[in-house]
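Below is one structure, written out as structure tokens; comments come after it.
The values are calculated or read from the model by the stated rules, or taken from the named source; none is laboratory data. Just so we're clear, the structure is a prediction, and the values are computed from it rather than from any experiment. Don't worry about glycine lacking a Cβ; one is built from the backbone with ideal geometry, like all the others, and counts go over all protein chains shown. Note: areas computed on protein heavy atoms with side chains; ligands, DNA, RNA excluded. Shrake-Rupley method; radii C 1.70, N 1.55, O 1.52, S 1.80 Å.
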Amino acid sequence: MQGYILHTQSVKDEDLIVYLLSPKKVIKSYRFYGMRHSNILSGYKIDFELEESTRFLPRLKDVLHVGFSWTLDREKMFFWQEFIRLFYWHLKEVETVDSFYFELLEECARRFEKQDCKRVIVDAYLKLLSFEGRLHQIFTCFVCDESIQEDVVLVRAFLPAHRKCAFGYEFKAKDLSYFYNNFNSSHFSDEYIDNLYKIIKEGF
Ligand SMILES: [Zn+2]
């Protein structure tokens with residue numbers, strides 16, 4: 001089975017509780033410390049086996065790290081682990097998931113190879129909002145419920161507001177519409193991508 005390590009939590013001595021995202025499930029497993037243990041780091045893609053236990057969490061075993069071409073790039077790994085942390089907080093209470101989430105990570109891992117990490121994450125987050133039916137394509141202010149004409153302020157989860165109604169990063173309505181319709185952020189300058197990225201970091 002393959003999965004992404006979403007989170008690890010140390011328990012007594014050197015054992016770990018490991019949260020994994022597989023194509024169909026979020027798995028909470030137990031990893032015993034062993035002499036020949038392979039690296040278990042959040043964000044890693046692994047090949048693994050589970051040994052079911054009737055009394056406790058399934059045991060994670062036969063772990064094999066499936067590396068990315070950019071695994072040793074510290075900056076990319078930093079962005080990746082931040083992204084994975086957001087995934088963990090978003091999915092930690094869930095057991096069964098649509099394969100959309102696993103496939104989204106697969107796509108991002110591929111795109112990380114050649115593209116700017118923040119842009120990859122911004123594009124991926126838009127897909128996630130759209131998939132979950134949470135993307136506000138019509139700009140109605142979440143504070144006053146009136147329509148927004150030109151300057152859209154976005155807050156957490158890309159909720160739109162008027163400049164006078166909420167504090168957040170500002171975007172032109174037409175730029176956002178293009179982004180939302182084409183799932184492509186290439187028309188945004190790095191500064192705007194930075195701002196979108198900061199909103200994402202507030203949480204999915
Ligand atoms: Zn308003």
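Give, as residue ranges, the strands (runs of 3 or more DSSP E) completely inside the range 107-204 that count at least 2 residues that are free of Cβ contacts under 8 Å to residues at least 40 places away in the same chain and surrounded by fewer than 16 Cβ atoms within 10 Å (Cβ to Cβ). Write out each step before concluding.
On the way: elements: 151-155, 159-161, 169-172.
Filter on the range 107-204 gives 169-172.
Looking only at residues that are among the hydrophobic types (A, V, I, L, M, F, W, C) and more than 15 Å from the ligand (Cβ to nearest atom) in the range 172-202, which one is modelled with the lowest pLDDT? It would help to see each step written out before you state the result.
Going residue by residue through the range 172-202, those that are among the hydrophobic types (A, V, I, L, M, F, W, C) are 173, 176, 179, 183, 188, 193, 196, 199-200.
Among the residues that remain, those that are also more than 15 Å from the ligand (Cβ to nearest atom) are: 176, 179, 183, 188, 193, 196, 199-200.
Working: L176: 97, F179: 97, F183: 92, F188: 97, I193: 98, L196: 98, I199: 98, I200: 98.
Checking each candidate, the answer is F183.
Mind listing whichever residues of the range 65-93 are open to solvent by less than 50 Å² (accessible area, probe 1.4 Å) and touching a helix residue (DSSP H, G or I) at 6+ places or on another chain (Cβ under 9 Å)?
Passing the criteria: F68, W70, T71, K76, F79, W80, E82, F83, I84, L86, F87, L91.
Restricting the range 49-63 to residues that are over 21 Å from M77 (Cα atoms) and hydrophobic (A, V, I, L, M, F, W, C), which is surrounded by the most Cβ atoms within 10 Å (Cβ to Cβ)?
L60
Go through (1) over 18 Å from Y4 (Cα atoms); (2) aliphatic (A, V, I, L, M); (3) more than 16 Å from the ligand (Cβ to nearest atom) one by one and return the number of the condition L105 breaks.
(1)
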